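To start, the structure under review is shown below, and the notes come after it.
The values are calculated or read from the model by the stated rules, or taken from the named source; none is laboratory data. Owing to the predicted nature of the structure, the values given are computational and were not obtained by experimental measurement. Virtual Cβ from ideal backbone geometry, glycine too; neighbours counted across all protein chains shown.
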Amino acid sequence: MDQTQQTVTRALLARMASGDESAAAELLPLVYGELRGLAHAAMGVDEAQTLQPTALVHEAWLRLQGSGVNRAYDNRAHFLGVAAKAMRSVLVDHARRRAALRRGGERERLPLEDVVELFEQSAPDLLGLDVALEKLAKVDDQLARIVELRFFGGSSVEDTARALGVSEPTVVRGWRVARMWLRRELES
């Protein structure tokens, strides 16, 4: 960067600090290339990244221009350091949103009637399951009780083990065996 650009940048940063709104619009073209370089560096090689460098620069720029943001920068390096921190913040927020989506963050809440209807459409054949469970109880009562507690009661492995007075590994093995047995029974 030549001396003239540094002087202009310093003057624009001083104008921004004093509250001149037009200074930011004049500054952006002067630092845009460096901001994109920061964006590429900040994003690294994350293959799962859905945010593009241009979008990252724009989002960070909006945060830098937001209300309540201190716009007093000592120099160009200080400004770029603050911009890099804003980009990091944008990336962290973006990663949190992606993680929330993977955990069902945007699932739609449904009225109870709709949930019942969806369950009836996608639920296993409860009558067939009941018959199969009765058969399983004759073969191994403990396996049938594990299914009742886990499937119908929604109990955790720990709670099921406590209720049956057995170890957690016993419940895990029993749950696996019971599911295989029931699947085979329901398919026939």
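Suppose we filter segment 41-57 for residues that are surrounded by 15 or more Cβ atoms within 10 Å (Cβ to Cβ) and modelled with pLDDT of 65 or more; how many remain? Outline the logic, then answer.
Initially, segment 41-57 is screened for residues surrounded by 15 or more Cβ atoms within 10 Å (Cβ to Cβ), giving 42-43, 49, 51, 53, 56-57.
When the remaining residues are screened for being modelled with pLDDT of 65 or more, the result is 42-43, 51, 53, 56-57.
Of the residues in that region, 6 qualify.
Determine whether A11 is at pLDDT 75 or above, closer than 17 Å to R63 by Cα and of a type in the set (A, V, I, L, M, F, W, C).
no
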